Amino acid sequence: MKKIILSVAFAGLSLFYEAAGQITPAEKGMNSITPDVLKSQTGFLASDWTEGRRAGEKGEYLAADYIAAILQLYGIKPGGDYSGSGGYLNIQRGNERTYFQNFVLLKTTPGEEHLMKIKTIDGSVIKTASFTYNTDYTIRLTNNGTEVEAPVIFVGYGFKNDKIKYDDLARVEIKGKFLLKISGSPAFAREKLLPSELSASARDFIEIASSRGAAGIIEFNPASKVVGTTPVRDFMNLSPSEGRPGAGRQYSSVTLPSDKPGNDLLRIVVSAATANEILKGSGIVLDDYIRRADSNESYPVATMTGKSIYVKTSVTKEKINVRNIIGVIEGNRSDQVMVLGAHYDHMGIENGYIWNGADDNASGTAGILTLARALMETGRKPEKTIIIALWTAEEYGLLGSRYYIENLSYPVKNLKLNLNFDMISRYISDNEKNKVIMTYTESYPLFRKITEENLSKYGIDLEIEYQPSADPPGGSDHRSFVAAGVPVLRFKPGHREEYHTPADEISTLDWDIMEKIVRISFADIWELSEREW
Ligand SMILES: [Zn+2]
């Protein structure tokens, strides 16, 4: 009873204010966006306590609990899994939702066992030589361990491009063979083609090798004496002139589990010495071959090397438990939903450095939380339903947002918009401190129109470069929504030199631009919630 009286009184109050022209719900929301709110949240998220927030690790769990607590404090309802569901205690599903959407990722890492041998048949004598993993050769990560023996064919640069009518693979039977290739492309092709065309040709080669049933690709750079990752020790990054501190991460892949078989084409990188060992006795003189191929002197023909390669490789798989954090502000319309999202994970600890990820993406996380707070501070139920989502595992390839969109609890057609914040606190350059890029789905010119209106209505001094696109670019979580055909909107100033280094620290942030981005976003979201479009 008490509750009802209170809410009636509250509604009466806000009506009174509006009638008196004093303060509108939108203004109330706007007034709650302050530098202190942004600073306090970003400050904790980007502190060493959260240990770089790598998906599935302790620091990220800590950050997630903090975010859920903040949502609860702001009065936002939980929109994640039901309490008590699953788990080793097998507790019955409760009726209460939690803030967490739990799911599992698969981490694949090179295993312990790797072998590569070369077999030479010399008359009746079979000679076998072994190579050393991670020095003479290395193997790109496959989905599963594998074991294969196959003859090797030398295909030069393995280069194919229709525009310049060049094809190292024409009339070559590659099924069941290892393709030994020189890295990159011939010099004359590099002069004639754009870098994007060259990389498209490189992708084509892998695609052709895979679809025509090659046993694998063996690639080498004639100048590389050792291959594979080399360990980076703590002391190696101490010089202040070090370009990118903490580089040299161990290679592994983290994915959402799938029911489809992965592409397991073996891709081996060998040292120049290993390549020469394979080519020995084949009649190919590498220097001469490269000189002729580079100048397109004569058409290179694929050559059997007379050698077989035996390869055995293994992988290990580990399950990682991760959580998206989901809150809901229920609107009058449950069939119209807007998702406001930002990833809260980052890169963790690497080589003794905590990668705090202040801009990437403590800033966006705090931005979304502050936006959520402002929506609650309006004191009015929004027209559309608004989901507040903080994604995990963006740094592993947008996995949190992809999991969300692939497991929607409502029809995807209800999804009207995804607003994404990823790195909202570093201006583009020292001479453009007030500039922001707005990327959005081009079939919604309304997004630009209301942004322009709101900038002047609320006196937000921000220079915006509008970038409408049918396929809004950028490697962040909005891409998961673009892929599902959902309209997107994203504000972002710029990538800076601290990006993806341990130097992405809170001291580098610009609170002014961050506050302005949250303000214009709040104004736009409020407007897009209220009006029919
Ligand atoms: Zn990011």
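The values are calculated or read from the model by the stated rules, or taken from the named source; none is laboratory data. Small disclaimer: the values here were computed from a predicted structure and weren't measured. Virtual Cβ from ideal backbone geometry, glycine too; neighbours counted across all protein chains shown.
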The stretch 476-533, residues that are small (Gly, Ala, Ser) and either in a helix (DSSP H, G or I) or surrounded by fewer than 22 Cβ atoms within 10 Å (Cβ to Cβ) (or both): Ser480, Ala483, Ala484, Gly485, Gly494, Ala503, Ser507, Ser521, Ala523, Ser529
Count, please, the residues in the stretch 410-427 that happen to be within 16 Å of the ligand (Cβ to nearest atom) and more than 17 Å from the chain's Cα centre (by Cα). 2
Only one of (1) farther than 21 Å from Met30 by Cβ; (2) over 16 Å from the mean Cα position of the chain (by Cα) does not apply to Ile386, and that is (1)
Could you tell me whether the stretch 433-445 includes any residue that is of a type in the set (Val, Ile, Thr), out of contact with any Leu (no Cβ under 9 Å at 6 or more places or on another chain), assigned by TED's automatic domain parsing to the domain that holds Met30 and part of a loop (DSSP other than H, G, I, E, B)? no
Matching residues, the stretch 66-118, being modelled with pLDDT of 95 or more and at positive phi: Gly75
Are there any pairs with C-beta distances below 7 angstrom linking a residue in the stretch 386-405 that is more than 18 Å from Val488 (Cβ to Cβ) to a residue that is acidic (Asp, Glu) and within 12 Å of the ligand (Cβ to nearest atom), with the two at least 6 apart or on different chains, and if so which? Thr392/Asp345; Ala393/Asp345; Glu395/Asp345
Starting from residues that are part of a strand (DSSP E or B) and among the acidic types (Asp, Glu), keep the ones in the stretch 332-390 and report whichever is nearest to Ile67 (Cα to Cα). Glu350
Taking the stretch 10-39, which residues are assigned to a helix (DSSP H, G or I), surrounded by fewer than 17 Cβ atoms within 10 Å (Cβ to Cβ) and modelled with pLDDT of 55 or more? Glu27, Asn31, Pro35, Asp36, Lys39
I'm checking my understanding of the structure. Among residues of the stretch 379-409 that are of a type in the set (A, V, I, L, M, F, W, C) and within 16 Å of the ligand (Cβ to nearest atom), which one is surrounded by the fewest Cβ atoms within 10 Å (Cβ to Cβ)? Leu398
Checked the stretch 464-475 for anything part of a loop (DSSP other than H, G, I, E, B) and more than 16 Å from the ligand (Cβ to nearest atom); matches are Ala470, Asp471
Against the conditions (1) aromatic (Phe, Trp, Tyr); (2) under 29 Å from the mean Cα position of the chain (by Cα); (3) more than 16 Å from the ligand (Cβ to nearest atom), where does Trp355 fall short? Just the number, please. (3)
